[in-house]
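Participant: What follows is a structure written as structure tokens; I'll ask about it next.
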Amino acid sequence: MNEIDSLLRVTGEGVSVKLGDSEAQEAQIEEWLHTPQGSIYGLPGWGNPLQKYKHEPMNTFTEVAIENDMVTSLKRDIPDVELTGIRIEAIEKDLFYLTIGLPSGDYSTGLQKG
């Protein structure tokens, strides 16, 4: 499986393409994280559910709620992704660190709240 870069980043050869199953899964997850629910015409439920946690306090309860919501949404939206785990932790004001476990390794990124 191959995927075109979701943000259409370019290299010397043109638009960046993710080759192989592991890179393609990471590209799909990256696109999903950059797409809030309700932003795609015709697919209002597709995308990450993070907007609804914008005004929630940054504590363990919110982290667990986001993890649970992300697991169910991610499995529904991208059924081919094989998750081995998911962890989100608040690291500073309005900034979360997300780690998604995949069979090929962890996908990690920082997320701005809201």
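The values are calculated or read from the model by the stated rules, or taken from the named source; none is laboratory data. Nothing here was measured: the structure is a model prediction, and the numbers come from that model. Every residue, glycine among them, receives a Cβ derived from its backbone with ideal geometry; neighbour counts consider all protein chains shown. Surface accessibility is based on the protein's heavy atoms, side chains included, excluding ligands, DNA and RNA. Shrake-Rupley method; radii C 1.70, N 1.55, O 1.52, S 1.80 Å.
Participant: Hey, if you drop one equal point scatterer on each alpha-carbon of the chain and run the Debye formula without solvent, what base-10 log of I(q)/I(0) do you get at q = 0.10, 0.14, 0.18, 0.21 Å⁻¹?
Facilitator: Each listed q maps to, in turn, -0.31, -0.60, -0.96, -1.24.
Participant: Where is the GNM fluctuation largest for the chain (alpha-carbon springs, 10 angstrom cutoff): Gln28, Gln51, Gln37?
Facilitator: Gln51
Participant: At most 11 other C-beta atoms within 10 Å and a DSSP loop state: those are the exposed trypsin sites (Lys or Arg not before Pro) I care about. Give me the longest piece of the chain that has none.
Facilitator: 10-53
Participant: Related question: Please name which of Gly110, Leu95, Leu83 has its Cα lying farthest along the dipole of segment 28-114 towards the positive end, using unit charges on Cβ (Lys, Arg +1; Asp, Glu -1) and the Cα centre as origin.
Facilitator: Leu95
Participant: Would you grab the residues whose amide H sits under 5 Å from the one on Asn48? Only those 5+ places off in sequence or on another chain, please, with H modelled 1.01 Å from N.
Facilitator: Under 5 Å from the amide H of Asn48: Thr35, Gln37.
Participant: Here is a further query. Once you place label points 7 Å from the Cα toward the Cβ at Glu92 and Asp21, how far apart are they in nm?
Facilitator: According to this spin-label approximation, the distance is 3.9 nm.
Participant: Please compute the per residue accessible area over the chain with all protein chains in place, 1.4 Å probe, rounded to a whole number of Å².
Facilitator: 60
Participant: Nearest 10 degrees is fine. How inclined is helix 21-33 to the longest principal axis of the chain, computing both from alpha carbons?
Facilitator: 50
Participant: Can I ask one more? Write out the GluC sites (Glu not before Pro) in segment 56-85 meeting two conditions: DSSP loop, and at most 15 other Cβ atoms within 10 Å of their Cβ.
Facilitator: Passing both the DSSP loop test and the Cβ count: Glu82.
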